[in-house]
Ligand code: MN
Ligand code: MN
């Protein structure tokens, strides 16, 4: 069961209202790397987890992320407090109110639709979606995703800290940012506490492909590094050598039933192209200046975009 304690995990001291900053901080409320996404990610993983240690950790961190959601939502609420009251009471001159709503961010949704309350949206007013949670129900996969999620949350907090000069908000955001660092460390430990955590899952990789690096982008800029060269890698520069890697003929094939085979051949015949034909088309019939070579002759073209504009002008004046 959940219990609620009325005190926040970290005290929220906001110097003055700032609806525009509130809008930006919403990114960590209902955004892709925000606290709701983090809480739901770990809560659902924790429910499905059988390992007692991981289950305990996931539910601890999920609950802490909900506490972070509470801190972020409280910052947003304080930053919007003036705007919310002014909107609700309608005592300000229209022009003045219009000005503060207009200054509240990339869209007026946060003010007009939500009245300055913390909504489950990101900084652009896009509603939160469960699609932000990418759990797959396999700890060696999900812990890696969690490590990346904490790294993303950390960097978003860092950006918010860099755009804020309010010392109390900076302070609370630095706390939240640092907790993501701590969470990342826990998830890393939990991942490496699983023996043979790579590759993910149970099936081993196929030996001859597991250490192959294929240099498929060739030319100036080809670089060697520990990711593609040295003891651990069989680097393939001759692409012909790996096309196809299985030594087969590299075609795609399938066994069809007699009925399917008959239909496939009928369809192929019906849609066959005649490479010897040179049909008159709508492009030929309608060809004008700039169309290049057509059945109506060479209609020419422009050498530069400026010439093209001049050609277009001349053609439209003629019409
Ligand atoms: Mn958090
Ligand atoms: Mn976290």
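All of the numbers you see were taken from the coordinates with simple rules; none came from a lab. Small disclaimer: the values here were computed from a predicted structure and weren't measured. With ideal geometry, Cβ positions are generated from the backbone for all residues, glycine too; neighbour counts draw on all protein chains shown.
Can you figure out the FRET efficiency of residue 233 with residue 264, using R₀ = 51 Å and their beta-carbon distance, to the nearest 0.05?
E between residue 233 and residue 264, to the nearest 0.05, is 0.75.
Could you state the number of Å between the C-alpha centres of region 156-190 and region 226-255?
Going from one Cα centre to the other spans 44 Å.
Report, in degrees rounded to the nearest 10, the 0 to 90 angle that the Cα long axis of helix 305-318 makes with the longest principal axis of the chain.
Helix 305-318 sits at roughly 70 degrees to that axis.
P(r) of the chain in 20 Å steps, Cα pairs, percent per bin?
Per 20 Å bin, starting at zero, the Cα-Cα P(r) for the chain comes out as 21, 30, 33, 16, 0 percent.
If each residue's Cβ is checked for other Cβ atoms within 10 Å, how do 163, 194, 147 rank with the fewest at the top?
Lowest to highest Cβ neighbour count: 163, 194, 147.
With the cut-off at 1.5 for a/c, could you classify region 153-217 from its C-alpha gyration tensor as rounded, prolate or oblate?
Taking the square roots of the gyration eigenvalues as a ≥ b ≥ c, region 153-217 is oblate.
What's the ranking of 276-282, 29-35, 139-145, 126-132 by average number of surrounding C-beta atoms within 10 Å, highest first?
Answer by packing, highest mean first, reads 29-35, 139-145, 126-132, 276-282.
Kirkwood Rh over alpha-carbon pairs of region 19-192, then Stokes-Einstein at 37 °C and 0.692 mPa s: what D in µm² s⁻¹, rounded to an integer?
Here the translational diffusion coefficient equals 195 µm²/s.
Quick one: plug the Kirkwood hydrodynamic radius of region 46-144 (C-alpha pairs) into Stokes-Einstein at 4 °C, 1.567 mPa s, and report D in µm²/s.
Using the Kirkwood radius from Cα pairs, D works out to 79 µm²/s.
As a test of the formula, what do you get for the chain when each DSSP H run with n ≥ 4 contributes -39,500 (n - 2.57) and the sum is divided by the residue count, at 222 nm and rounded to the nearest 500 deg cm²/dmol?
My calculation for the chain gives -16000 deg cm²/dmol from helical runs alone.
For region 19-192, calculate the relative contact order in percent as a whole number, restricting contacts to Cα pairs under 8 Å that are 6 or more residues apart.
Answer for region 19-192 is 28 percent.
What number, in percent, do you get for the relative contact order of the chain if the mean sequence gap of Cα pairs under 8 Å and at least 6 apart is divided by its residue count?
15 percent
Ranked highest first by the average count of other Cβ atoms within 10 Å around their residues, in what order do 75-86, 207-218, 284-295 fall?
75-86, 284-295, 207-218
Show me the three semi-axes of the equivalent ellipsoid for region 237-319, from the C-alpha gyration tensor (sqrt of 5 times each eigenvalue), largest first, rounded to whole Å.
Each semi-axis is √(5λ); the values are 47, 24, 11 Å.
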